[in-house]
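Reviewing the structure listed below.
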Amino acid sequence: MPSFLDQQHLLSFLMSGVRLCAWLLLLALIFLPLERLFGLHTQKFFRKALAQDLGYYFINGLVPGLLLAVPLSLVALGAHAIVPYRLQAAVAEWPLWRRILAGLVVGEIGFYWGHRWTHEIPFLWRFHSIHHSPEHLYFLISSRAHPLDNVFIKLCGLIPAYILGVADPLTPSGSLVPVLIVLVATAWGFFIHSNLRWRLGPLEWVISTPAFHHWHHTLSEHRDRNYASMLPWIDRIFGTYYLPRKQWPPAYGIEAKLPGSLREQLVYPLRPPPRGGVPEPFAADR
């Protein structure tokens, strides 16, 4: 039997599936009542797209971690070879809370640029357009994304933490930082995609909200704004912040027509673009 199909790997895969089911149950227990009581839009949970959303949830819960292992190992080795030892030693002496905080901030900056590139580079937009295709937002839309799109954006978020030295797989505390970055960003992603009409007043300058991210999913020209996942002031720094006080997007989604099935959507970005070299969703949206 191949090594990747031995009993240990199958058991690990099974446990990952059980963990994802437990997280899904927890998410449903939290967000279904909240979206029912404080929903921005009246919409049904059990609808045709639910099965596809669940498929993306499990794919992105299992695949990206496998695909990230090798590139992150290479990044860690490269950082050790390139980054001055004095900087690594100085960062290693920081208390854990400071390394976690620094990791979250630099990770968010890396996430911002990775996310922004998926909008600005036509080839990357072919993958990212899948995440923007839904016409209704609710918490599970956070995980509705092509796994390669997911991997690229996460990698962009983790690389700065490895370079700075706050994340280091060779030390116990250093390996904890990238895990926390991904966990916090993933958990917050479900919140900002949720169908909640909550506004947080002055706190919206500091932390992202559903209102902030809903404008990122708008069908209007404001889609290319609000790239940050948790820290909206990063968008202010780079000039991409947009959040009107009393307005919400009138419509969501993209103008392009994507394939209907999950399998076809996973294959679609890998196919050659049409004649002229401009990917269909990118051309239609611009």
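The values are calculated or read from the model by the stated rules, or taken from the named source; none is laboratory data. Quick caveat, the model's predicted, so the values are computed rather than measured. Glycine also receives a Cβ, built like all others from the backbone with ideal geometry; neighbour counts cover every protein chain displayed. These accessible areas exclude ligands, DNA and RNA; they are computed on the full protein's heavy atoms, side chains included. Shrake-Rupley method; radii C 1.70, N 1.55, O 1.52, S 1.80 Å.
Miscellaneous remarks
- Projected-area mean, the stretch 52-137, by convex hull of Cα positions, square nanometres: 8.1
- With eigenvalues of the C-alpha gyration tensor scaled by 5 and rooted, the stretch 84-197, Å: 30, 16, 10
- Of the DSSP H helices in the chain, those whose Cα atoms cover at least 24 Å axially and whose Kyte score averages -1.0 or more: 7-38, 50-82, 96-120, 147-164, 172-192
- Debye log10 I(q)/I(0) for the chain, one point scatterer per Cα, at q = 0.08, 0.13, 0.16, 0.17 Å⁻¹: -0.36, -0.97, -1.41, -1.53
- Solvent-accessible surface (1.4 Å probe) assigned to Ser12 amounts to roughly 70 Å².
- Amide H contacts of Tyr252: Leu219, each under 5 Å away and 5 or more positions distant or on a separate chain (H built 1.01 Å from N in the peptide plane; Pro and chain starts excluded).
- Protection proxy ranking of 182-195, 19-32, by the mean of other Cβ atoms within 10 Å over each peptide's residues and highest first, is 182-195, 19-32.
- For the chain, built as a Gaussian network whose Cα springs stay under 10 Å, the top-fluctuating residue of Ile234, Ile207, Ile141: Ile207
- Heavy-atom accessible area with a 1.4 Å probe sorts Phe139, Phe152, largest first, into Phe152, Phe139.
- The stretch 32-80 - Kirkwood radius from inverse mean 1/r over Cα pairs (Å): 14.1
- Potential extension, Leu14-Val267 segment - 0.36 nm per residue separation minus Cα distance: 88.5 nm
- Amide proton proximity set for Leu196, modelled H, under 5 Å, gap of 5+: Leu40
- For peptides 219-231, 51-63, 101-113, sequence by mean Cβ density within 10 Å, most packed first: 101-113, 219-231, 51-63
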